[in-house]
Structures are given as structure tokens and as C-alpha cells.
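Please read the structure below before turning to the comments.
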Amino acid sequence: METSRKPIDGIRTIGLPQIHDPRGDLTFVEGGNHLPFDIARVYYLYNVPVDAERGGHAHKELEQVVFALSGSFRMKVDDGHKKSEYWLRDPRKGLYISRMIWREMDRFSQGAVCMVIASHRYDENDYYRDYDTFMTAVGANRQ
Ligand code: TYD
């Protein structure tokens, strides 16, 4: 399998509006408008140690959009054939991740907050937590 910086199908940036104001900026996201799915769940990561590694799984059906609401972190994505990575640091720009993408997150800045908007409620049965099982599922040849 080759490592690639080429765009992966199913990964794209979603830009949100910004209402700029000297009192502070405001950004909003509307289900059915800015996202390609209906919003079923929102969760967020905070108090993340700077040396933490999160993710390390893929989803069978779940679609997500990931934001750095504060600070920054790295998102590594892998469809089984190509790998790419993104730095999230702009709260106006979300990273859309489709189903069947292995993702790993690290390099969190101090105080970073990661918000995830998801297409389904939490379901452990939707996860691939084993990389080899994921690779088999996407038909990838690891030789
Ligand atoms: P996990 O998805 O593995 O976290 P990350 O990808 O950020 O490293 O979830 C960590 C734990 O939290 C796991 O025990 C499942 C639980 N969890 C929920 O109960 N509900 C949720 O919406 C999420 C995302 C996780």
C-alpha cells in the first residue's frame, strides 16, 4: 500500500459562514444545509493531553464532520489504499469524513477543543477498531 498526499474520495473540507463582529465572531451550522447528512449527534473532545492519540478506528456507516473549535490538531485519514493528513485549526472549516475511512488524531495543542457532528447516534457495532479487519473489509492488499 502506498502512502499518498492525494485527496481521498470521501474526505473534503466544509466551509461554514462567519458573522464577523468586533464583539466576537459567530459561526453556525445547519442540518440539511451545510452538511450532507441530518445531524443525529454532536460530541466534543477537550482536556486532551498534548501527547494523546485518539481515533484509531473506522465506521461502517457513520459520516462525520470534525472541527477544531479552539487550538489545533492533526487528522490522519486512510481509505485502505491512500493515506492523507490534515491540520485542523480554523473553526469555520470542518473536515467531512465519509464511511469506511480509518482515522487517527494527534498533535493536539494545549487546550484544543475538537467538535464532531455525526450522522448517527453512538453505536459500538458501527466501529472497525482493528486495522487488519478494516483493511480486509475495504479489499486492500497489504503486501
Ligand atoms: P471513541 O470513538 O473511541 O473516541 P475517539 O475516536 O475520540 O478516540 O470513543 C471513546 C469512548 O467513548 C468509547 O468507550 C465509546 C464512548 N463514546 C460514547 O459513549 N458516545 C459517543 O458518542 C462517542 C463518540 C464515544
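Remarks
- Annotation: of all residues in the range 90-99 being open to solvent by 30 Å² or more (accessible area, probe 1.4 Å) and in contact with a Phe, Trp or Tyr (Cβ under 8 Å, 6 or more places away or on another chain), the one that is nearest to Val48 (Cα to Cα) is Pro91.
- Gly24 meets all of the listed conditions (1) without any contact (Cβ under 8 Å) to a residue 40 or more places away in the chain; (2) within 15 Å of the ligand (Cβ to nearest atom) but one, namely (2).
- Strands (runs of 3 or more DSSP E) fully within the range 85-143 that include at least 3 residues being away from the ligand (no atom under 14 Å from the Cβ) and touching a strand residue (DSSP E or B) at 6+ places or on another chain (Cβ under 7 Å): 93-97.
- Within the set Ser84, Ser70, the sole residue that is under 23 Å from Thr27 (Cα atoms) and either in contact with a Phe, Trp or Tyr (Cβ under 7 Å, 6 or more places away or on another chain) or open to solvent by less than 60 Å² (accessible area, probe 1.4 Å) (or both) turns out to be Ser70.
- Total residues in the range 27-82, condition in a loop (DSSP other than H, G, I, E, B), within 15 Å of the ligand (Cβ to nearest atom) and closer than 21 Å to Ile101 by Cα: 8
- Of all residues making up the range 6-20, the number that are open to solvent by 80 Å² or more (accessible area, probe 1.4 Å) and in a strand (DSSP E or B): 3
The values are calculated or read from the model by the stated rules, or taken from the named source; none is laboratory data. All values reported here derive from a predicted model rather than from experimental measurement. Backbone-built Cβ (ideal geometry, glycine too); neighbour counts: all protein chains shown. For the accessible areas, the whole protein counts, side chains as well, though only heavy atoms, and no ligand, DNA or RNA atoms are used. Shrake-Rupley method; radii C 1.70, N 1.55, O 1.52, S 1.80 Å.
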